[in-house]
Amino acid sequence: MVLRSPMHLSLGRRLIAAALLSLCISQPTLSQVTPSESLLKAFTLLEAQEYEQARPLLEAEVRAGDAVAAFNLGLMAQAGLGMDVDLIEAADLFERAQTLGLPQASFSLAMMLLDGSAPEGRDYVRARELMLEAADAGYSPAFSVLSMLDLSGAAGTADLNEAHQWACLAGQTGQELAFAELISKRLSEDQRQC
């Protein structure tokens, strides 16, 4: 597997990644910290898609121990925005932000472990642990992924009740899961939580 490749993502996937990056740097990330002037400037540059100019500002913030900067720089490395795609660097930055307590980083690192793009390849058990960490911190996108993991049993034994619980939580946050009704149909009335 090639982990360092500027051509890793097609143009379409790079555009999607740019759109996702603009969503990831919005209020959910910023609301968890009091950003420095430098970080605010970096976000302004990111929103303007001036990735090369934002990069040194983010790198300085990462050296100062800023989890949000590490997470966003990881997204840039993962998508090849302002730099070549570097999945090793992306995973390292997500790991750094995760250890500093940023649930979005736990989620992103888990997704890399699920799709096999992490340096260590696929690891469903560790991915589930990181998803639980993100979910426990209230990061709702983790709910639907946990539901799928528990339904499939990819990270261990399939657990229909756990899958249903996560699907219910996802539904409460506005996520529509096509398979949630299928899970409910396999449970008795008294087992259904939603």
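The values are calculated or read from the model by the stated rules, or taken from the named source; none is laboratory data. The structure displayed is predicted, hence computed values, not measured ones. Counting neighbours? That spans all protein chains shown, and the Cβs are built from the backbone with ideal geometry, glycine included. Note: areas computed on protein heavy atoms with side chains; ligands, DNA, RNA excluded. Shrake-Rupley method; radii C 1.70, N 1.55, O 1.52, S 1.80 Å.
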Within segment 171-194, of all residues that are in a helix (DSSP H, G or I) and modelled with pLDDT of 75 or more, the one nearest to Tyr124 (Cα to Cα) is Gly171
Would you mind stating whether Leu40 is surrounded by fewer than 17 Cβ atoms within 10 Å (Cβ to Cβ), modelled with pLDDT under 50 and part of a helix (DSSP H, G or I)? no
Filtered residues of segment 143-161 (kept if open to solvent by less than 60 Å² (accessible area, probe 1.4 Å) and closer than 20 Å to Ser106 by Cβ): Phe143, Ser144, Val145, Leu146, Ser147, Leu149, Asp150, Ala154, Ala155, Gly156
Please go through segment 71-91 and pick out each residue that is among the small types (Gly, Ala, Ser) and either closer than 9 Å to Ala105 by Cα or out of contact with any Lys or Arg (no Cβ under 9 Å at 6 or more places or on another chain) (or both). Gly74, Ala77, Ala90, Ala91
Of (1) of a type outside the set (Ser, Thr, Tyr); (2) more than 24 Å from Phe71 (Cβ to Cβ); (3) in a loop (DSSP other than H, G, I, E, B), Cys168 satisfies every one except (3)
Among what's in segment 82-106 and is touching a residue at least 60 places away in the same chain (Cβ under 8 Å) and open to solvent by less than 40 Å² (accessible area, probe 1.4 Å), pick the residue that is farthest from Gly121 (Cα to Cα). Leu102
Of the residues Ala79, Ala54, Ala60, which is open to solvent by less than 30 Å² (accessible area, probe 1.4 Å) and modelled with pLDDT of 95 or more? Ala54
